[in-house]
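Asker: Have a look at this one before I ask anything.
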C-alpha cells in the first residue's frame, strides 16, 4: 500500500522579530524559548489556533499516521496540542520526524540566514520528537532563490514519500507542519503545476483553521488553509507531479 493523502499545516500566528539588513542581526522583543531571536514561539492567538487545529486533526479521515515538521519552534508548538490529544484520547502516539528540508524560506542575502535549534535543545521542549530520525536535506545558511526553494522541497518530499511508501506499517496519511512559502512549494510539487510567475497566489495560506478551502481544481484532492490551518493533497500518481 502506498501513501494516500498528505495534510499540510502552516504554523500558527507567531511572535515577531526584526533583522538589521546591514548587519544581518536578528532581534526580538519576546525572548524565544530556544534563545534564537528568529525562532519565536506562537503568540497567544497562535496558541488558540493550535488548539482549534487539534480538533480538526482529530476528525480527519483517513486519520494521521505519520508526522513530519519543520525544525522551527513555532511549527512544533503548533502540532503539540494535536499530538497530546491523539495520545490521550485515541491512544495513538506519533513522534514527530523533524525535517530541516521543510524549514523556513529566507530568500537571498549577503549574510548568513538563521538556523533552527539543534535537536538536543528541541527535545527539552517537546516530548514527542522522533529519537533517531535524521533530516534528508539541510538548507544552506547562504540563503536560497525561489527556484532553490522549489528544488529543496521537491527533493525532501521525494525522500519522505519514498520512505513511507516502503514502510512495512503501510501508513495512509501524512501530516506536515511547515511555513507559508514552503507550504506553497509543497502544493506546487505535489500537483506538478508550476506557475510562470512564482508570485502567483495558486496555493493561498488562509488564516482560519476551521474554514477549509476546496481547491480540487488544482489537481488531486487539495484543501488549503494557513496560520494553524491545513492543506490536504491526494498523492495518487496523477497528482504527485513531475517535480518529484
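The values are calculated or read from the model by the stated rules, or taken from the named source; none is laboratory data. Remember, predicted model here, so these are calculated numbers, not experimental data. No Cβ is skipped: glycine too gets one built from the backbone with ideal geometry, and neighbour counts run over all protein chains shown.
Asker: Residue by residue through segment 53-90, note down the ones that are out of contact with any helix residue (DSSP H, G or I) (no Cβ under 9 Å at 6 or more places or on another chain), part of a helix (DSSP H, G or I) and either under 27 Å from residue 136 (Cβ atoms) or at pLDDT below 95 (or both). Walk me through how you get there before you give the answer.
Answerer: Let us first name the residues in segment 53-90 that are out of contact with any helix residue (DSSP H, G or I) (no Cβ under 9 Å at 6 or more places or on another chain), namely 59-62, 72, 87-88.
Remaining after also requiring part of a helix (DSSP H, G or I): 87-88.
Passing the criteria: only 87.
Asker: When you look at residue 225, is it at pLDDT below 90 and surrounded by 22 or more Cβ atoms within 10 Å (Cβ to Cβ), yes or no? Give the derivation first.
Answerer: On the way: at pLDDT below 90: yes; surrounded by 22 or more Cβ atoms within 10 Å (Cβ to Cβ): yes.
For residue 225, the condition - at pLDDT below 90 and surrounded by 22 or more Cβ atoms within 10 Å (Cβ to Cβ) - is met.
Asker: Identify, please: which residue in segment 108-123 is part of a loop (DSSP other than H, G, I, E, B) and touching a helix residue (DSSP H, G or I) at 6+ places or on another chain (Cβ under 8 Å) and is, among those, nearest to residue 144 (Cα to Cα)? Spell out how you get there, then give the answer.
Answerer: We begin by selecting, within segment 108-123, every residue part of a loop (DSSP other than H, G, I, E, B); these are 109-118, 123.
Still in the running and touching a helix residue (DSSP H, G or I) at 6+ places or on another chain (Cβ under 8 Å): 116-117.
Values: 116: 16, 117: 20 Å.
Within segment 108-123, the match that is nearest to residue 144 (Cα to Cα) is 116.
Asker: Something else: Just to be sure I understand, how many residues within segment 24-43 are farther than 22 Å from residue 107 by Cα and free of Cβ contacts under 8 Å to residues at least 24 places away in the same chain?
Answerer: Summing the residues that are farther than 22 Å from residue 107 by Cα and free of Cβ contacts under 8 Å to residues at least 24 places away in the same chain in segment 24-43 gives 3.
Asker: So residue 120 fits all but one of (1) over 18 Å from residue 178 (Cα atoms); (2) under 15 Å from the mean Cα position of the chain (by Cα); what number is the exception?
Answerer: It is condition (2) that residue 120 fails.
Asker: Hey, residue 136 hits all of (1) closer than 24 Å to residue 163 by Cα; (2) exposed (fewer than 14 other Cβ atoms within 10 Å of the Cβ) but one; which does it fall short on?
Answerer: Here residue 136 meets the rest and fails (2).
Asker: Which one of 66, 8 is surrounded by 19 or more Cβ atoms within 10 Å (Cβ to Cβ), over 19 Å from residue 180 (Cα atoms) and touching a strand residue (DSSP E or B) at 6+ places or on another chain (Cβ under 6 Å)?
Answerer: Values: 8 fails: over 19 Å from residue 180 (Cα atoms).
Testing whether each residue is surrounded by 19 or more Cβ atoms within 10 Å (Cβ to Cβ), over 19 Å from residue 180 (Cα atoms) and touching a strand residue (DSSP E or B) at 6+ places or on another chain (Cβ under 6 Å) leaves just 66.
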